[in-house]
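Student: Below are the structure tokens for one structure; questions will follow.
The values are calculated or read from the model by the stated rules, or taken from the named source; none is laboratory data. Computed from a predicted model, the values in this text were never measured in an experiment. Note that each Cβ is placed from the backbone with ideal geometry, even for glycine, and that neighbours are counted across all protein chains shown.
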Amino acid sequence: DVKVTQSSRYLVKRTGEKVFLECVQDMDHENMFWYRQDPGLGLRLIYFSYDVKMKEKGDIPEGYSVSREKKERFSLILESASTNQTSMYLCASSLGLDGIVVYEQYFGPGTRLTVT
Amino acid sequence: AQKVTQAQTEISVVEKEDVTLDCVYETRDTTYYLFWYKQPPSGELVFLIRRNSFDEQNEISGRYSWNFQKSTSSFNFTITASQVVDSAVYFCALSLTGANSKLTFGKGITLSVRP
């Protein structure tokens, strides 16, 4: 079974704090993703990575950065948290491209972040 | 740019009813993949199905079935004899192929199944 774990289910931080959200997958997947989910807006891609030390911006990268030093771990960093970053954050992983095949993503349980 | 539309936002049915969740997509590419995910109240998205653009065969898995029609750019999901445990938010998603492919999600459909 694919397992994607996230460091916290719930997190409360103050405005201006630096926040680290950690994601670990145990299936040797090449690709990893960070999304945020907000009511009425669905899931939006923040960043993704298709290899160690590689990263690509998603649809809403502003205010976020990422780090992927090891294949199994993908970190999302909020350099200076703001109240509009209060959201549910979801991490996912998938196998890499194999020709033109796109594989399904497996998701972690999510981290509900509140910034006060 | 690609787009996924789930026009139904909320559906409520009584247990044992059949229900169809609609998904319409837009893309200019001829090669792409479509997905359905389920998000129960616990919050974790669960993968249900993946279908590529060259395979228009309908698929059935137990009470779940999917109807893919390229002519109408639709990939609809039907639950037969719904159960309370089917209550969840259901997302349809589209991915193009090529380097750095990524999922574009619809906004989701909240399904409530009443006993």
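Student: Within region A:18-42, can you find the residues that are surrounded by 12 or more Cβ atoms within 10 Å (Cβ to Cβ) and touching a residue at least 60 places away in the same chain (Cβ under 8 Å)?
Tutor: A:Val19, A:Leu21, A:Cys23, A:Gln25, A:Met27, A:His29, A:Glu30, A:Asn31, A:Met32, A:Phe33, A:Gln37
Student: Those residues that are of a type in the set (D, E, K, R), touching a residue at least 24 places away in the same chain (Cβ under 8 Å) and within 14 Å of another protein chain (Cβ to nearest Cβ), I need them from region B:56-115; list them, please.
Tutor: The one that is of a type in the set (D, E, K, R), touching a residue at least 24 places away in the same chain (Cβ under 8 Å) and within 14 Å of another protein chain (Cβ to nearest Cβ): B:Lys107.
Student: Restricting to strands (runs of 3 or more DSSP E) lying wholly in region B:44-115: which have 2 or more residues that are crowded, with 19+ Cβ neighbours inside 10 Å?
Tutor: Counting at least 2 such residues, we get B:64-69, B:74-79, B:88-96, B:103-105, B:109-114.
Student: Name every residue in region A:22-57 that is more than 10 Å from every other protein chain (Cβ to nearest Cβ) and aliphatic (A, V, I, L, M), in order of residue number.
Tutor: Answer for region A:22-57, where residues must be more than 10 Å from every other protein chain (Cβ to nearest Cβ) and aliphatic (A, V, I, L, M): A:Val24, A:Met27, A:Met32, A:Ile46, A:Val52.
Student: Restricting to region B:1-35, count the residues that are part of a strand (DSSP E or B) and surrounded by 16 or more Cβ atoms within 10 Å (Cβ to Cβ).
Tutor: So the count comes out to 11.
Student: Criterion first (on the phi < 0 side of the Ramachandran plot and part of a strand (DSSP E or B)) does A:Glu62 satisfy it?
Tutor: No; evaluated as a whole, the condition is false for this residue.
Conditions (1) out of contact with any Phe, Trp or Tyr (no Cβ under 6 Å at 6 or more places or on another chain); (2) at positive phi; (3) modelled with pLDDT of 95 or more; (4) not hydrophobic (A, V, I, L, M, F, W, C), marked per residue:
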site: B:Ile11; (1), (2), (3), (4): yes, no, yes, no
site: B:Thr31; (1), (2), (3), (4): yes, no, no, yes
site: B:Pro41; (1), (2), (3), (4): yes, no, no, yes
site: B:Leu48; (1), (2), (3), (4): no, no, yes, no
site: B:Asn58; (1), (2), (3), (4): yes, no, no, yes
site: B:Tyr64; (1), (2), (3), (4): yes, no, yes, yes
site: B:Ser71; (1), (2), (3), (4): yes, no, no, yes
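Student: Also: Based on this model, can you work out whether B:Glu44 counts as more than 26 Å from A:Gly108 (Cβ to Cβ) and either among the charged types (D, E, K, R) or out of contact with any Asp or Glu (no Cβ under 8 Å at 6 or more places or on another chain) (or both)?
Tutor: So B:Glu44 fails the test.
Student: Scanning region A:6-43 for residues that are touching a strand residue (DSSP E or B) at 6+ places or on another chain (Cβ under 6 Å) and charged (D, E, K, R), which turns out farthest from B:Val89 (Cα to Cα)?
Tutor: A:Lys13
Student: Could you tell me how many of the residues in region A:65-111 are facing chain B (nearest Cβ under 8 Å), closer than 26 Å to A:Val12 by Cβ and either acidic (Asp, Glu) or not in a loop (DSSP other than H, G, I, E, B) (or both)?
Tutor: The number of residues fulfilling the criteria is 4.
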